[in-house]
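Participant: Please find one structure pasted underneath; my questions will follow.
Each reported figure results from applying straightforward, stated rules to the coordinates on display, with no laboratory input. In this text, all values refer to a predicted model and were calculated from it rather than measured experimentally. Quick reminder, even Gly has a Cβ in these numbers, built from the backbone with ideal geometry, and neighbours come from all protein chains shown.
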Amino acid sequence: MKTKLFGMLMLAVLTLFGCKEKEQEAQITMEKNEAPDSADFDKKVAVVRAFFQAHSDEDIEAQSALLADDMNWSPPAYNGNQWLGKEDLLAALKGYHDNFDNIKYAEGIVMPDSTANGFWSGSVFPGQNANASASVIRVYGTWTATHTESGKEIGVKFFNLSSVNDDGKIVQSSDYFDVNGLAA
């Protein structure tokens, strides 16, 4: 009986260590196969930066040229999580251009003693979903402007998720900021 119990215990221990080894091998394989492509990330960040600069310049044509015709946009105001299209985004941008002057974007996450990077992609956590892909660019920053009618200075913290296709066009964009803060 002791021999059977010892045998079962050894089998359990070997199975446990065998599974751990396979998990570690899978993690190492993922790391080797998914090395970050910094050039791809930089190329996509350049598209997003150009789009934001065109917004600061109030150049709706330049912005339109950076958007794919079939792009999807999720606006910052809750709308039942309905995705809108390119024309909807361009209309919203024109509204900002018509109502604000001196539009400026400062990239980065403001920390007590510094400003951290404003563009991120890929992930480490959670481990089962970790990836080194630049398929979705996470954007952090602050928009400021002057309300044309009142002359009041405004500012809003900004978060965005953007995807850029191989043609250098934004194909998906989801904005997060306090829309009501702008109205105030």
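Participant: Which stretch or stretches of the stretch 145-174 have amide N atoms under 17 Å from the point lying 7 Å from Gln53's Cα along the Cα→Cβ direction?
Facilitator: Taking a point 7 Å out along Cα→Cβ of Gln53, the residues of the stretch 145-174 whose backbone N falls under 17 Å are 168-170.
Participant: For the pairs Lys104/Lys169; Lys104/Lys152; Lys44/Lys94, note any where the Cα-Cα span goes beyond 18 Å.
Facilitator: Correct reply: Lys104/Lys169; Lys44/Lys94.
Participant: To continue, here is another question. Ratio to report: Rg/Rh of the stretch 122-184, with Cα atoms as the point set and Rh obtained by the Kirkwood method; give two decimals.
Facilitator: 1.14
Participant: Here is a follow-up. Net charge around Ala134, counting only other residues with Cβ within less than 10 Å of its Cβ (Lys, Arg = +1; Asp, Glu = -1)?
Facilitator: -1
Participant: How charged is the neighbourhood of Phe159? Take every other residue with its Cβ under 13 Å from the Cβ of Phe159, and add Lys/Arg as +1 and Asp/Glu as -1.
Facilitator: -1
Participant: Using packing as a proxy for protection, rank 89-95, 120-126 so that the peptide with the highest average count of other Cβ atoms within 10 Å comes first.
Facilitator: Per-residue mean Cβ counts within 10 Å order the peptides as 89-95, 120-126.
Participant: May I pose another question? Using a/c under 1.5 as the rounded threshold, could you call the stretch 41-168 rounded, prolate or oblate? The axes a ≥ b ≥ c are square roots of the C-alpha gyration tensor eigenvalues, and prolate needs a/b larger than b/c, oblate otherwise.
Facilitator: oblate
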